[in-house]
Structure formats: C-alpha cells, structure tokens
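The structure appears right after this line, and notes come after that.
The values are calculated or read from the model by the stated rules, or taken from the named source; none is laboratory data. Owing to the predicted nature of the structure, the values given are computational and were not obtained by experimental measurement. Neighbour counts are summed over all protein chains in view; Cβ atoms, including those assigned to glycine, are modelled from backbone coordinates with ideal geometry. With ligands, DNA and RNA removed, areas are computed over all heavy atoms of the protein, side chains included. Shrake-Rupley method; radii C 1.70, N 1.55, O 1.52, S 1.80 Å.
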Amino acid sequence: MLLWSRLRAEVAAYPRTFWVLWVGTLVNRLGLVVVPFLTLYLTTERGLRPSMAAAMLSGYGLGAFLSSFAGGLLADRWGRRPVLLMGLLGGAALVALVPFATALPALAVLVIALGFVTESYRPAVSAAIVDLVAEEQRTRAFALFYWVINVGTAIAPVLGGVLVLWSYDLLFALDAATMLVYGLVVAALIPETRPDRSAEDSRAEAAIVSEARALVALRDPALLGLSACTLLLAALMFQSLSVLPLVMASQGLPETAYGFVAATNGLVIVLLSLPIARLVERRPPSAVLVSAALLFAAGFALHVPAASLASHAAATAVWTLGEIALVTVAPVMVARLSPDALRGAYQGVYGAAWGLAFLVAPLAGGIVFEEVGREALWLGCVGVGLVAALGFAGLATLLRQPAPGMA
C-alpha cells in the first residue's frame, strides 16, 4: 500500500501531458534499435571498412547537429507540437527507406537526413518539459524522462541483437513503427505547451524576443561553456555506439555480446538514475558535473584492459554513473539559464553539442582505432574526460548566474 501511495503521488505531481510524452517516449525508445547496430550493419551487410562505417555514422551526427539548432528555434517559433510531429513522422518514413538505398552516396544522404529529422524533435520535448513543470520539480522531471529513455536503452540493444540473427531489415521496420506510433500519440493527445506570448510583458523579455534567437543563446557564456564540456563527455558516450562494437568484434566477441554490453548502460540507468537524481538535486551543479566527468574517465580507463563481455560491461557500468549525473543536472541548468521565450533555442544549443559529438566522435574514434589501435583510443577517452572535469570546475561561478533579463 505504501508503494502504491507513493506511485499515485508521483503521478499526481505532474500534468497529464507530461505523462503522455513519457509513455510515447517509452514506446519510441523500445524500438530504437537502428543506431546502436548501424556500424555493424554497414560493415557486415554493406561491406564498408570500419573507418568508413564510423564516418557514415558521423553523417547521422551531422544531421543531428544541424537539427538541434533548427528544432530548438522552430519549437520557439512554431510551437512544440508541430516540431514533434515533423520529427517523428518524418523520421519513421526515412528510417524505413534505409534498407532500400543501394548506392553508397544515396545511403550517406539518407543517413544525414535521418539524423536531421529524427533528432529535431528532442529540443521541443525538453522545452515542453520546462513549460509543463515548475522549476523546483525539473530535476526530478528530467530524471523521470531519462529513466524511461533508458528502459528502452536496456531492452532495445538486446532485442536488436536477436533481430539481426534473422534480418537487419527487421531493425529498420521496428524503429519506423515505434516512431510512427509516438507521432500518432502526439497528434491525438498532446496540446501545444508553448507559453502564451501575450503574457511576456516585461521590457527585458521583449528586447530578447526582438533579437535573433540563436544569437542571443550563442552569446551566453554559461550556456556555451556547459555545452562545450557536455560535448566532450557526449563524444565519449558515442564511442560506445560507434567503435565499441568494432573493438569487441576484433576481440572475437559476437554481436549479441555487444547487445548485452549496450544493455548494461540502460540497466544501470533504470536501477540508479532516480536515486541519483534525489542525491544530486541539492548539490552544487558544478560539483556534480565534475564528478560526472571523473566517472567517465574512470570507466573508459577500465576499457583499456577489457577483453570480455563482463569486463566491457563493468567499464560501461562505471561511466554510466557519470552519464546519469550529467544528463540529470545539465538540462536543468540549461532551463535555469534560459529566458522563458528562448527555452527552445537554449535547449537547441545544448542539444547541438550532442549532435556535434555524434558528428565528430565516430569519425575520430574509427580513425584512431583503425590506424593506432584500441588502447590509444581508450586512453584518449580518459584524457577527454579529465579535460571535461577541469572545464566544469571552471564554470562554477557562471552556472550560479540567473538567465539574462531575469535577474
């Protein structure tokens, strides 16, 4: 009864639209099986070299980088709902087309377009959470979304590893179907959440709205510093999508082994993200983010000697703790920094850091792995984590400042 009472209280603490987005995200993430297996698909089914497959995955990152700016700006201009529909329904159509792109240039263009369209809705979701939830509840709200995302992350790679035993085409069909379902949920049940512009009557707010939104966000040093350090850690995370499966294959481990290692990331998040969110929400943000970066460095240091499913899974579990701290705190800091009228733009700039990491990380990691070796790759990742820790430490003062025009 006590558990049931707590569950009811948790549900009642957030509006219905929040939970509809939450359930739609769960459905979508359960079917997110293409990206984790894309490099393996390109090397085994399309015959590409590892560095070329990683470069192709970087094309997805290029699309994601560009779409984060566009998605955030459009979420402020058009509203959250239209951007959600465009990203989900358009992404379903594009992912279904990938197996039919026989020519390599056409496949490359399609992967870039897929990254652009499917990632464009994420700033709109983040902005909608900020719209719907009071400031004191946002750390918990983002943690709840992060938790449900990683329920899918824990299940989808294992499911994908099983599906590829029959056909890679099943991966694309499942991914397209879940995006379509989420899009239909948005169309039927999600109202517009963007704040009423008529309520924006302060002089400072009006001045901000009149300027170019992207330029306002790009002039905020706290946002840029936070995004730059996040980019470094995101680049480490994306090594697990792009190069880790290639490293494990070179060590004689099967595709299903990579699926279980990838699922370790999601499982740790499902088990620990909500307790960690409660632990860190009253800690200084810069201290939490420094700790996150150090955990990334420690986890990737463990990948250096790893040569089995268990050892790679253990390394993944350690840096996943850093991921939890990063993704729980950083979006809340972006929301705190952003003026109300620029929530989408600020989330878009922050999201662009993830897209740029997805652009750079697979390409750089693939080249280092192929030309220098896996030990150099993992040691380089350790160094990147330490640099991010220093960067977050230097942001302590900036992260305490209020949003421009909101003091």
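Would a scan of the stretch 274-285 turn up a residue that is surrounded by fewer than 22 Cβ atoms within 10 Å (Cβ to Cβ) and modelled with pLDDT of 85 or more? No - not one qualifying residue is present in the stretch 274-285.
For the stretch 286-312, filtering for residues that are open to solvent by 30 Å² or more (accessible area, probe 1.4 Å) and part of a helix (DSSP H, G or I) leaves 11. Beta carbons closer than 9 Å, at least 6 apart along the sequence or on distinct chains, pair a first residue in the stretch 381-396 that is part of a loop (DSSP other than H, G, I, E, B) with a second that is of a type in the set (G, A, S) for L395/A222; L395/G225; L395/S286; A396/S286; A396/A287. Being surrounded by fewer than 19 Cβ atoms within 10 Å (Cβ to Cβ) and not in a helix (DSSP H, G or I) is the filter here, so list the residues in the stretch 125-140 that pass it. Passing the criteria: only A134.
Annotation note: of L97, L84, the sole residue that is open to solvent by 20 Å² or more (accessible area, probe 1.4 Å), at pLDDT 75 or above and not small (G, A, S) is L97. Scanning the stretch 147-180 for residues that are modelled with pLDDT of 85 or more, open to solvent by 20 Å² or more (accessible area, probe 1.4 Å) and touching a Gly at 6+ places or on another chain (Cβ under 8 Å) gives L174, A177. Pairs are defined by a Cβ separation below 7 Å, a sequence spacing of at least 6 or placement on different chains, a first member in the stretch 349-370 that is open to solvent by less than 40 Å² (accessible area, probe 1.4 Å), and a second member that is assigned to a helix (DSSP H, G or I) and of a type in the set (D, E); the pairs so defined are G355/E119. Being out of contact with any Lys or Arg (no Cβ under 7 Å at 6 or more places or on another chain), over 25 Å from S240 (Cα atoms), surrounded by fewer than 21 Cβ atoms within 10 Å (Cβ to Cβ) and among the hydroxyl-bearing types (S, T, Y) is a property that T102 has. Per the conditions (1) surrounded by 21 or more Cβ atoms within 10 Å (Cβ to Cβ); (2) among the hydrophobic types (A, V, I, L, M, F, W, C); (3) over 29 Å from F69 (Cβ atoms), the sole criterion not satisfied by A325 is (3). Residue count for the stretch 291-333, restricted to those that are over 28 Å from L244 (Cβ atoms) and β-branched (V, I, T): 1. Of all residues in the stretch 331-377, those that are assigned to a helix (DSSP H, G or I) and either farther than 20 Å from E119 by Cβ or in contact with a His (Cβ under 8 Å, 6 or more places away or on another chain) (or both) total 16. Is it fair to say A64 is under 17 Å from the mean Cα position of the chain (by Cα), open to solvent by 10 Å² or more (accessible area, probe 1.4 Å), closer than 26 Å to Y346 by Cβ and in contact (Cβ under 8 Å) with a residue 40 or more places away in the chain? Criteria not met by A64.
Just one of the listed residues (T39, T25) is modelled with pLDDT of 80 or more and part of a helix (DSSP H, G or I), namely T25.
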